[in-house]
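Below is one structure, written out as structure tokens; the observations come after it.
The values are calculated or read from the model by the stated rules, or taken from the named source; none is laboratory data. Here the structure is a predicted model, which means the values were calculated and not measured. Glycine also receives a Cβ, built like all others from the backbone with ideal geometry; neighbour counts cover every protein chain displayed. The protein model used for the area step is the full one, side chains on, heavy atoms only, and it has no ligands, DNA or RNA in it. Shrake-Rupley method; radii C 1.70, N 1.55, O 1.52, S 1.80 Å.
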Amino acid sequence: MTSLFDPTRIGNIPLTSRIVMAPLTRNRALEAQVPGPLSVEYYRQRASAGLIIAEATQISPMGQGYLDTPGIHTPEQVAGWRKVTDAVHSEGGHIVLQLWHVGRISHSSLLPDGAAPVSSTSRRPNAMTFTKAGFVDVSAPRALRDDELPGLIDDYRHAARLAMQAGFDGVEVHAANNYLLEQFLRDSVNDRTGPYGGSIANRARLLVEVMQAICAEIGGGHTGVRLSPMTTFSDTARDSDPQALYGYVVEQLAPLALAYLHVIEGETGGEREPEDAATRFDYEALHKRFSGAWMVNNGYTRTSAMAAITAGKADLVAFGRPFISNPDLVRRLRDDAPLNELQADKLYGGGAEGYTDYPTLTV
Ligand code: PHB
């Protein structure tokens with residue numbers, strides 16, 4: 001029987017266990033959105049994870065939506081990330097980078113020349129973001145023209161290339177949590193006409209073309225994707241038929257032979273189980289359609305993670321908050337040792353406190 005603690009291989013990436021560090025926004029990038037020495041130390045401390053998915057990282061200046069998140073579009077950012085990947089590899093770990101474009105979850109003060117955020121739509125969500133001035137309502141977006149989408153796809157391709165140059169083992173495309181790619185997927189947001197709006201095939205087109213471009217550049221064996229079929233994160237309504245939408249997406253991704261698919265079950269950072277039958281989603285039906293490694297996430301515990309692996313419901317389990325407060329989470333889970341408590345007020349921004357100062361087991 002397969003165990004959570006068994007090694008495995010996903011695409012071209014060998015892993016020491018099936019325990020994954022989920023991508024976690026920490027807002028500690030230095031000037032010019034470059035990861036600094038503290039981030040090197042933070043990831044080095046967590047290198048015993050079977051796989052680290054580094055925090056959501058914008059693919060272009062227009063992809064940024066929060067203060068001090070790192071980028072992967074300049075040589076300085078590549079050099080900063082190279083120190084992170086070298087540190088993780090020197091400890092025997094593996095690390096991929098999550099490629100991010102926030103779309104309409106942004107504020108003009110974070111964007112070049114005070115530009116409006118871009119999206120599938122010009123409708124503003126009832127959401128907030130964090131800027132130099134603190135928490136503010138997101139700015140009204142501008143709907144991208146169809147003729148701008150090839151350039152956007154090229155930004156993803158370029159970011160994937162730079163991630164490999166920075167020494168990452170691969171990339172995870174962030175198509176979850178109602179950021180740009182999901183703003184195209186869902187009919188609750190996408191109000192376009194033309195080739196990228198309307199039918200499921202049209203709404204899925206941008207994600208599929210992004211995945212094709214990245215896989216052509218770095219190979220499917222170095223590429224994963226994250227989806228969140230049921231989340232209402234950033235006050236965004238669900239699609240009218242998530243089962244059909246995400247089923248289609250997974251079918252379209254099949255020829256790319258991706259390393260993995262990472263699914264957030266239920267509400268991001270919240271309820272895994274929906275309140276009523278109308279909001280139930282059959283994740284197993286998606287899993288059956290996918291041939292790569294299946295990574296699950298959201299509120300897993302030691303017990304439920306072990307059960308998911310042994311039952312064959314997942315190949316990998318991603319942990320978020322437990323990895324923030326427990327750099328040696330793999331060892332603690334293996335030994336069934338107690339976990340450090342999360343300092344929830346130190347998640348976003350600041351320095352070493354609540355970032356690199358969580359203790360490891362000493363004996
Ligand atoms: C956040 O910055 O709060 C954030 C970023 C990416 C996510 C979710 C939350 O997928």
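Considering only the stretch 37-44, I want to know if a residue exists there that is in a loop (DSSP other than H, G, I, E, B) and not acidic (Asp, Glu). No, the stretch 37-44 has no match at all.
Glu91 meets the conditions (1) away from the ligand (no atom under 16 Å from the Cβ); (2) open to solvent by less than 20 Å² (accessible area, probe 1.4 Å) in every case but one. The failed one is (2). Arg9 falls short on exactly one of the conditions (1) assigned to a helix (DSSP H, G or I); (2) of a type outside the set (Val, Ile, Thr); (3) free of Cβ contacts under 8 Å to residues at least 40 places away in the same chain, and that condition is (1). When only residues in the stretch 6-33 that are surrounded by fewer than 18 Cβ atoms within 10 Å (Cβ to Cβ) and over 27 Å from Leu361 (Cα atoms) count, which is nearest to the ligand (Cβ to nearest atom)? Step by step, filter the stretch 6-33, then rank; the result is Leu30.
Is there a residue in the stretch 46-67 that is open to solvent by 10 Å² or more (accessible area, probe 1.4 Å) and either among the aromatic types (Phe, Trp, Tyr) or modelled with pLDDT under 95 (or both)? Yes: one or more hits.
Matching residues to (1) among the small types (Gly, Ala, Ser); (2) closer than 30 Å to Met164 by Cα:
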site: Gly220; (1), (2): yes, yes
site: Ser228; (1), (2): yes, yes
site: Ala244; (1), (2): yes, no
site: Tyr248; (1), (2): no, yes
site: Gln252; (1), (2): no, yes
site: Phe281; (1), (2): no, no
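Within the stretch 204-211, can one find any residue that is more than 27 Å from Ser120 (Cα to Cα) and charged (D, E, K, R)? Checked the stretch 204-211: no residue is more than 27 Å from Ser120 (Cα to Cα) and charged (D, E, K, R).
Restrict the check to the stretch 40-61 and report whether at least one residue is touching a residue at least 60 places away in the same chain (Cβ under 8 Å), under 19 Å from the mean Cα position of the chain (by Cα) and more than 24 Å from Met295 (Cα to Cα). Yes - at least one qualifying residue is present in the stretch 40-61. Do we find that Leu67 is away from the ligand (no atom under 16 Å from the Cβ) and aliphatic (A, V, I, L, M) in this structure? No: the conditions fail for Leu67. The set of residues in the stretch 310-363 being among the β-branched types (Val, Ile, Thr) and open to solvent by less than 50 Å² (accessible area, probe 1.4 Å) consists of Val317, Ile324, Val330, Thr356. Scan the stretch 292-309 for residues that are of a type in the set (S, T, N, Q), surrounded by 15 or more Cβ atoms within 10 Å (Cβ to Cβ) and without any contact (Cβ under 8 Å) to a residue 24 or more places away in the chain and jot them down. Those that are of a type in the set (S, T, N, Q), surrounded by 15 or more Cβ atoms within 10 Å (Cβ to Cβ) and without any contact (Cβ under 8 Å) to a residue 24 or more places away in the chain: none in the stretch 292-309. Sub-8 Å Cβ pairs linking a first residue in the stretch 339-363 that is modelled with pLDDT under 95 and within 16 Å of the ligand (Cβ to nearest atom) to a second residue that is of a type in the set (Lys, Arg) and open to solvent by less than 80 Å² (accessible area, probe 1.4 Å), at least 6 apart or interchain, number zero.
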